[in-house]
Amino acid sequence: MSSIITNNSAMSALSTLRNINTNLNSTQDRISTGLKVSSGKDNAAYFAISETMKGDSGMTKAVNESLTLTKNSVATARLGAEQFSDLATEFRDKVAFAQENKGGLEEIEADLKRLVADMGAIMSQSTFNGDDLVNAGGKRADGTAAAAATISATTGAITAAAGVTGSAAAADRSVVSGVSRDSAGALKTTTITVSPVDLYGQLEKFTLIAGSFATNAGDATNGEAFLSGVLGEADKATKASVDAATSLGQSEKSIERQQEFLTKLSDNLDSGVGAMVDANMEEEAARLQSLQVQQQLASQSLSIANQAPQNILSLFR
C-alpha cells in the first residue's frame, strides 16, 4: 500500500543514511586524532587501563630523569675520587722514594705539600648541583674546625691531638629507582643505595705526613722509624682512596643499569597503551572510502524513496 502520509521506504533510507553518517564521523575522528579509544565512551575498559598505564609510564620517565641528576652527581664524585687516588699514589711513591734517598728531603716535602693542595682543590670541585659525595665536611659535629694532629717522630705513627676524630662519612642515600604496583594496584617504590665516601679523612693523613716531613725524615735517630711509619699510613690512605673511587664507580654503574631498564620499561608501557588505543590508519582509510561510497548510495536511495509519492499523482490524471 502506498501512502502520501507515511513513506516507509524514505524512513528506512533515512535511517540507513543516519547510521552511515554516524560511522563516517567516528572514522573521521579516529583519523584526525589517531586514536580509536579517546574517551571512556569508546571503550571503558581499554580507556581505564590505558590511562593507568600512561600514568605509570609518566612516573617511570620522571624517576629516570631524577636518576640522571643523581648519576651526574655520582659521576662527578667518581672522577674526583679517581684523580684523588692518582695523586695519593704519587704521594705514597714519593714517601717510598725518600726511604732510599736521604737527599733532597726539602724538595720532597714541597712536592708532598703541593700534592696535598691539589687533593684539596679536587675535593672542593667534585660537586654537582651542590651535591658533595666525597667530603663529609672536614669539621667536627659541632661545626668547629678540627685541631691539627701531630706526628710522632719516635714511632713514625700519626697521633691525633685531643678532640680530633677525623671526619665521619656521610650517611648512605636511598635514591628512588623505580615505581611499580602491587597485586592490589597500590603504588610502591624501589630504591638504590648510594654510599658517599669520605676523602677528607685521607686528606688529613696526607696533610699530617707532609707537614714536617723533611724535619722528621732527616732526624738522625728516629728518621728511619718515621719514614717506615708514614709509608704505612700513606699506603693505607692510598688504598682507602682507591676503594672510595671504586665504590662510587659501582654506584654509578648500578644507576646506569637501572636507567637502561627504566627506558625499556617506559617504551613497553607506551607500546602497550598504543596497542589498546591507537587507531589502525590503514583500516581507517579503507573504511573511510567505503563509508563515503555508502553515503552516496544511501543519499540516492533516499532521493528515490522521496520520489515515490509523486507516482501517486499519475493515478489522478
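Brief remarks follow.
- Length-normalised contact order of the chain in % [C-alpha pairs under 8 Å, at least 6 apart]: 32
- Think of a 1.4 Å ball rolled over the protein heavy atoms: the chain then has 56 Å² of accessible area per residue.
- Using the Karplus relation 6.51 cos²θ - 1.76 cosθ + 1.60 with θ = phi - 60°, the per-residue 3J(HN,Hα) values for the range 175-183 come to 9, 4, 10, x, 10, 9, 10, 7, 4 Hz, with x marking Gly and Pro.
- In angstrom, the C-alpha Rg and Dmax of the range 254-317 are 27.9, 96.
- The candidate values were (i) 21.0; (ii) 20.1; (iii) 27.9; the one computed from these coordinates for mean projected area of the Cα convex hull in nm² carries the label (iii).
- Of all lysines in the structure, the ones whose alpha carbon falls short of 27 Å from that of residue 113, not counting any fewer than 8 places away in one chain, are 94, 102, 139, 205, 236, 239.
- Full extension of the chain between residue 38 and residue 187 gives 51.1 nm of extra length, using 0.36 nm per residue less the Cα-Cα distance.
- The range 19-92: Cα Rg divided by the 2.2 N^0.38 Å rule of thumb: 2.31
- Model label sites at residue 281 and residue 174, defined 7 Å from Cα along the beta-carbon direction, differ in position by 4.6 nm.
- Of the accessible area of the chain, computed with a 1.4 Å probe over protein heavy atoms only, carbon and sulfur atoms account for 52 percent.
- Partners for residue 54 among lysines (Cα-Cα distance below 23 Å; same-chain residues under 8 apart left out): 36, 41, 188, 264
- Residue 173 contributes an accessible area of around 80 Å² to the protein surface, as traced by a 1.4 Å probe with all chains present.
The values are calculated or read from the model by the stated rules, or taken from the named source; none is laboratory data. A quick note: this is a predicted structure, and the numbers were derived from the prediction, not measured. Virtual Cβ from ideal backbone geometry, glycine too; neighbours counted across all protein chains shown. Heavy atoms of the whole protein, side chains included, go into the accessibility calculation; ligands, DNA and RNA do not. Shrake-Rupley method; radii C 1.70, N 1.55, O 1.52, S 1.80 Å.
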